Amino acid sequence: MERKIRFAPSPTGYLHEGHLLSALYVWAAAKKWDLSIHLRIEDHDRGRARPEYIESIYDDLEWFGFRWDSQSIQSERTSIYETALKTLEKQGLVYPCYCSRKQLEEENPKSETGEIVYQGKCKALGMTADAPHNLRVIVPDKVITWHDMRLGDFSENPKLQCGDFPIRDREGQWTYQFAVCVDDIDEGITHIVRGEDIRSSTARQIALMRLLGRDTPPLYLHHPLIVDPAGKKLSKRERAHSIRQDRDAGISPEILLGRVCHKAGLQSADTPLNLEKAISIVVHSL
Ligand code: GLU
């Protein structure tokens, strides 16, 4: 089987330093483990995705010199998501949920990480009238054990982390959790390298992939994020500061690559790096 990794940015803004770091990890993992690279544009959120952001993803990546073997964009894959939804429906694993944001907040407990753990209120209601609703998947009440190549072993029960979770929202859009699982299966992704901020989604994604028929999950590595000197994640303002702005200001790719590696603690000095060197520094950290 082909071994494949993906880089999966959401075009809800221009790429920023956090994306650049993620891309470096993905290309480094591909180099280290001899994987082909798939670029997936995750534009499932039609309200926030914009054509200029999509264009700039291709353009910024190419400007740095990143190259990939295949690509896809979620907005062109509706029929694949519909088929996957049917697969779940046939197993009786999908139900509409009519709860408002306020009800969700008031009626459900929160997990240790502050996430709402949906208790399944709408599960027994069945499909009624045309009231606005999302669709939830019934997750098994089962501990998922999985291994992160950097962080070690995890045992997590998605039923206690989030409960039955939305796969399609009230506007009829596929959710991130659903689209990402369908794509990782359909596109034959064997390795997932992404930021630590998404780590807590892994157990539910493995559970959903199983329900969709993929028993062997991909291999995972969640990389550290860029933090400020106080150890906090990139602020909204820093995230809003885009590669595009730096490019427009005449800053070179080498300066940005060096700076990101420095901020991520991958090189001690803030000196420029070409792409090959930046990737090899990350390879050695894996
Ligand atoms: N689209 C997500 C993001 O830009 C990444 C999803 C993933 O790697 O699973 O944060």
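Please find, in a Gaussian network model of the chain (springs between Cα atoms separated by less than 10 Å), the residue of Cys99, Cys181, Cys261 whose mean-square fluctuation is greatest.
In this elastic network of the chain, the residue with the biggest mean-square fluctuation among Cys99, Cys181, Cys261 is Cys99.
Can you give me the C-alpha center-to-center distance between region 69-118 and region 242-286, rounded to a whole angstrom?
Measuring centre to centre over Cα atoms gives 36 Å.
So if each residue of separation counts as 0.36 nm, and I subtract the Cα-Cα distance between Ile73 and Glu2, what length gain in nm does that give?
Computed gain between Ile73 and Glu2 is 23.5 nm.
What are the residues whose amide H is under 5 Å from the amide H of Ile167, where those residues sit 5 or more places off or on another chain and H is modelled from the backbone?
Close amide H contacts, sequence-distant or interchain: Leu135, Arg136, Val137.
Spin-label point model (7 Å from Cα, Cβ direction): what's the Asp141 to Glu82 distance in nm?
With each label point 7 Å from Cα toward Cβ, the separation is 3.6 nm.
Rounded to whole Hz and in sequence order, give me ³J(HN,Hα) for region 51-58 from the Karplus expression 6.51 cos²θ - 1.76 cosθ + 1.60, θ = phi - 60°, writing x for Gly and Pro.
x, 5, 6, 4, 4, 6, 5, 4
Amide H to amide H, which residues 5 or more places from Asp148 or on other chains are under 5 Å from it, using H placed in the peptide plane?
Amide H to amide H, under 5 Å and 5 or more residues apart or across chains, Asp148 pairs with Asp153, Phe154.
Are there trypsin sites (Lys or Arg not before Pro) in region 138-213 that DSSP puts in a loop and that have at most 16 other Cβ atoms within 10 Å, and which ones?
Loop-located and lightly packed - Lys142, Arg150, Arg170.
Which Rg and Dmax, in Å, describe the Cα atoms of the chain?
Calculated on Cα positions, Rg and Dmax stand at 19.7, 62 Å.
For Asp148 and Tyr98 in one chain, what is 0.36 nm times their gap in residues minus the Cα-Cα distance, to one decimal in nm?
Using 0.36 nm per residue and subtracting the Cα-Cα distance, I get 14.4 nm.
At a threshold of 8 angstrom on Cα-Cα distance, excluding pairs fewer than six apart, so keeping six or more, what relative contact order does the chain reach in percent?
Relative contact order here is 23 percent.
Report the label-to-label distance for Ala249 and Arg50 in nanometres (one decimal), using points 7 Å from each Cα along the Cα→Cβ vector.
Inter-label distance under the simple model: 2.0 nm.
Which lysines does Lys4 reach when only Cα atoms under 27 Å apart count, and residues fewer than 8 places away in its own chain are ignored?
Lys31, Lys32, Lys86, Lys277
Helix 176-186 versus the longest principal axis of the chain: what is the Cα-based angle in degrees, 0 to 90, to the nearest 10?
80 degrees
Tell me the relative contact order for region 1-134 as a rounded percent, counting alpha carbon contacts under 8 Å between residues six or more apart.
Relative contact order of region 1-134: 21 percent.
Give, to the nearest whole percent, the P(r) tail of region 93-167 beyond 18 angstrom, counting all Cα pairs.
The calculated P(r) of region 93-167 puts 47 percent of pairs beyond 18 Å.
State the cysteines of the chain left without a partner when partners are defined as other cysteines whose beta carbon lies under 4.7 Å away.
Singleton cysteines: Cys99, Cys162, Cys181, Cys261.
Taking springs between alpha-carbon atoms closer than 10 angstrom, which of Ile198, Ile189, Ile41 fluctuates most in the Gaussian network model of the chain?
Maximum fluctuation in the GNM of the chain, among the listed residues, is at Ile198.
All of the numbers you see were taken from the coordinates with simple rules; none came from a lab. Everything numeric here is computed off the predicted structure, so don't read it as measured data. Glycine gets a Cβ as well: all are built from the backbone with ideal geometry, and neighbour counts include every protein chain shown.
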